[in-house]
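Below is one structure, written out as structure tokens; comments come after it.
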């Protein structure tokens with residue numbers, strides 16, 4: 001094998017059209033606006049951003065549940081940017097999705113067995129006996145034991161953590177190479193979260209599945225991923241290996257994000273956090289130049305005028321900020 | 001002096017499946033100017049405890065008894081109408097979970113903030129307007145927003161408005177139920193900064209309810225941990241995060257991912273029990289690594305370890 005990346009995302013854009021009236025000119029919500037990165041087989045990366053940063057849209061576009069507006073999406077050398085979805089069945093087998101809300105993601109009148117058998121039927125895999133084997137093996141992998149007991153249950157009979165295990169089992173049942181997990185633990189209780197993260201980590205190692213872990217919670221990323229990508233208002237503002245990014249955040253937005261997150265420490269109550277005021281901009285009319293400049297403590301003249309390019313620094317660290325040099 | 005005293009408070013709900021023991025024998029105090037954080041997982045009864053304190057109860061209450069003393073007044077002895085006149089919103093107010101999404105979309109922000117004041121005290125319109133401006137300023141919202149509608153506000157600003165509603169009657173203690181749960185982390189940090197400022201400047205007491213343990217350390221002077229309807233540990237913030245005593249607290253802290261230090265994360269096997277049929281003895285015993293014989297048979301009493309530090313666990317007997 002050459003070192004060609006499994007997934008290549010190049011200047012990817014996804015804009016949504018919005019009309020404010022029948023004759024009005026359409027406006028665009030620039031949810032993802034020029035994102036580039038690469039991913040290897042078996043790698044786990046975290047995609048971090050606040051609500052409205054475009055992280056979910058990016059995840060769904062990568063899975064080709066949405067068609068990109070512009071840019072390129074290349075999976076194992078094949079350009080799938082605009083491939084008709086009828087011709088993407090093979091890509092559906094290679095990918096999986098775990099959604100945030102396990103309560104809404106599982107069909108309520110299907111048993112766990114039926115939920116897991118569904119993708120096998122759609123992709124015409126095996127006969128009845130073989131499918132049973134595959135479903136049971138998937139349940140074993142996500143540790144819903146004994147499998148015979150769980151197979152006949154309906155979603156409402158499961159706890160949140162168990163439901164999320166079923167959702168993960170469904171995402172991996174076709175032996176995919178890439179799974180996008182969109183906030184998979186944010187609706188679960190603290191004591192269960194770690195179990196689910198550990199499980200995904202284990203599947204990443206044993207099945208060599210690449211994971212894109214979408215989250216707003218930087219604290220969990222260090223336990224899961226090798227790399228972190230930070231998104232702000234549709235842009236990817238910084239990306240770096242996990243430890244490097246957490247120890248040495250460069251973009252003022254990443255710095256603010258890290259400053260905002262408390263660790264359990266009784267000293268916290270005695271100090272104020274130095275975080276920027278305001279909230280992320282509208283994606284319809286994002287500010288010119290750097291999108292963070294209205295909130296940035298270091299904003300310079302150029303930040304208000306020109307969009308910063310992505311600047312490559314050492315140790316695989318990339319940042320889109322004028323503080324780190326000129327184009 | 002304590003502004004809030006809760007003793008042996010019980011709140012049970014009657015349902016078709018049986019009696020739900022949402023709050024069982026809760027006892028604690030909150031001093032003036034102090035913040036007590038109430039942490040626990042979903043369904044442990046922390047919101048029910050808050051509702052029992054401010055007496056906002058659903059219809060299916062089965063048992064509601066115990067002692068709730070607010071600013072020296074034994075509120076359980078008051079009738080509903082007396083309670084409404086003297087206690088609710090005057091002495092204790094509450095920021096309900098998700099309240100920012102329940103603002104009335106067709107009423108101006110200023111009116112919605114002033115409403116509590118107009119309903120609960122005899123103030124004229126001029127005074128109400130003055131107080132509304134004052135309280136909006138306290139929460140960091142420009143007075144021009146009095147004439148805006150909720151849709152013109154961002155999430156963080158709506159949350160500030162909801163906090164302003166709880167402050168306008170100048171209560172002694174404010175209950176905050178997950179006040180930042182739907183907000184982004186930077187906005188959350190801004191709101192926490194504001195709450196710290198209010199706590200310092202107004203000498204206000206908070207009962208801060210959340211499932212987010214790191215977040216409690218932003219505000220709490222003391223921490224109460226709830227499990228399956230019971231308060232299992234009550235401790236000073238200075239000890240709690242580094243040296244929790246109850247096995248459940250220990251596991252809970254060990255399960256919290258930290259940003260700045262490496263540690264091995266643990267999880268708690270199993271699920272919290274049903275509140276209809278809680279296990280006999282200590283309710284945590286089926287999941288406890290130290291469970292002994294007595295834990296399965298007898299409910300542990302509240303054991304005082306030192307001043308202000310209580311734990312319900314047979315290990316400390």
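The values are calculated or read from the model by the stated rules, or taken from the named source; none is laboratory data. Note that the structure is predicted; figures quoted are calculated from it, not measured. Every residue, glycine among them, receives a Cβ derived from its backbone with ideal geometry; neighbour counts consider all protein chains shown.
Can you find a residue that is in a loop (DSSP other than H, G, I, E, B), over 21 Å from the mean Cα position of the chain (by Cα) and closer than 30 Å to residue A:195 by Cβ anywhere in the stretch A:85-108? Yes.
Would you check if residue A:98 is surrounded by 15 or more Cβ atoms within 10 Å (Cβ to Cβ) and more than 14 Å from every other protein chain (Cβ to nearest Cβ)? So residue A:98 passes the test.
Among residues of the stretch B:145-176 being within 14 Å of chain A (Cβ to nearest Cβ) and in a loop (DSSP other than H, G, I, E, B), the one that is farthest from residue B:105 (Cα to Cα) is B:154. Given (1) at negative phi; (2) more than 8 Å from every other protein chain (Cβ to nearest Cβ); (3) over 13 Å from the mean Cα position of the chain (by Cα), where does residue B:185 come up short, assuming only one miss? Here residue B:185 meets the rest and fails (2). For residue A:202, the requirement of being farther than 18 Å from residue A:62 by Cα and either modelled with pLDDT under 95 or surrounded by fewer than 22 Cβ atoms within 10 Å (Cβ to Cβ) (or both) is met.
When restricted to residues that are within 13 Å of chain A (Cβ to nearest Cβ), crowded, with 16+ Cβ neighbours inside 10 Å and in a helix (DSSP H, G or I), the stretch B:232-290 contains 12.
Every listed requirement among (1) crowded, with 18+ Cβ neighbours inside 10 Å; (2) more than 26 Å from residue B:52 (Cβ to Cβ) is met by residue B:162 save one, (2). Condition check: part of a loop (DSSP other than H, G, I, E, B), buried (at least 19 other Cβ atoms within 10 Å of the Cβ) and either modelled with pLDDT of 90 or more or away from chain B (no Cβ under 14 Å) (or both). Does residue A:276 satisfy that? For residue A:276, the condition - part of a loop (DSSP other than H, G, I, E, B), buried (at least 19 other Cβ atoms within 10 Å of the Cβ) and either modelled with pLDDT of 90 or more or away from chain B (no Cβ under 14 Å) (or both) - is met.
Residues are listed down the side, and each one gets a yes or a no for (1) at pLDDT below 95; (2) under 18 Å from the mean Cα position of the chain (by Cα); (3) buried (at least 22 other Cβ atoms within 10 Å of the Cβ):
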residue	(1), (2), (3)
A:159	yes, no, no
A:167	no, yes, yes
A:171	no, yes, yes
A:177	no, yes, no
A:185	yes, yes, yes
A:190	yes, no, yes
A:193	yes, yes, yes
A:213	no, yes, yes
A:223	yes, yes, no
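Within the stretch B:118-141, is there a residue that is over 30 Å from residue A:48 (Cβ atoms) and within 14 Å of another protein chain (Cβ to nearest Cβ)? Scanning the stretch B:118-141 turns up no residue that is over 30 Å from residue A:48 (Cβ atoms) and within 14 Å of another protein chain (Cβ to nearest Cβ). Filtered by the rule that a residue be within 26 Å of residue B:43 (Cβ to Cβ) and within 7 Å of another protein chain (Cβ to nearest Cβ), the stretch B:193-220 gives B:211, B:213, B:214, B:215, B:217, B:218, B:219, B:220. Residue under question is residue B:119, and the condition is that it be surrounded by fewer than 17 Cβ atoms within 10 Å (Cβ to Cβ) and outside any loop (DSSP other than H, G, I, E, B); does it hold? Judged against the criteria, residue B:119 is a match.
Residues checked against (1) within 21 Å of residue B:236 (Cβ to Cβ); (2) touching a residue at least 40 places away in the same chain (Cβ under 8 Å); (3) surrounded by fewer than 16 Cβ atoms within 10 Å (Cβ to Cβ):
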| position | (1), (2), (3) |
| --- | --- |
| B:6 | yes, yes, no |
| B:11 | no, yes, no |
| B:18 | no, yes, yes |
| B:21 | no, yes, no |
| B:25 | no, yes, no |
| B:28 | yes, yes, no |
| B:35 | yes, yes, no |
| B:51 | no, yes, no |
| B:57 | no, yes, yes |
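The stretch A:120-187 holds no helices (runs of 4 or more DSSP H) entirely within its bounds that carry 2 or more residues that are within 14 Å of chain B (Cβ to nearest Cβ) and over 22 Å from residue B:271 (Cβ atoms). The lone criterion from (1) surrounded by 15 or more Cβ atoms within 10 Å (Cβ to Cβ); (2) out of contact with any strand residue (DSSP E or B) (no Cβ under 6 Å at 6 or more places or on another chain) left unmet by residue A:314 is number (1).
Each residue in the stretch A:207-265 was checked for being within 13 Å of chain B (Cβ to nearest Cβ), in a loop (DSSP other than H, G, I, E, B) and touching a helix residue (DSSP H, G or I) at 6+ places or on another chain (Cβ under 7 Å), and 10 pass. Residue B:254 - would you say it is in contact (Cβ under 8 Å) with a residue 12 or more places away in the chain and closer than 19 Å to residue B:27 by Cβ? It is false that residue B:254 is in contact (Cβ under 8 Å) with a residue 12 or more places away in the chain and closer than 19 Å to residue B:27 by Cβ.
When restricted to residues that are farther than 19 Å from residue A:213 by Cβ and either free of Cβ contacts under 8 Å to residues at least 24 places away in the same chain or surrounded by 20 or more Cβ atoms within 10 Å (Cβ to Cβ) (or both), the stretch A:32-51 contains 1.
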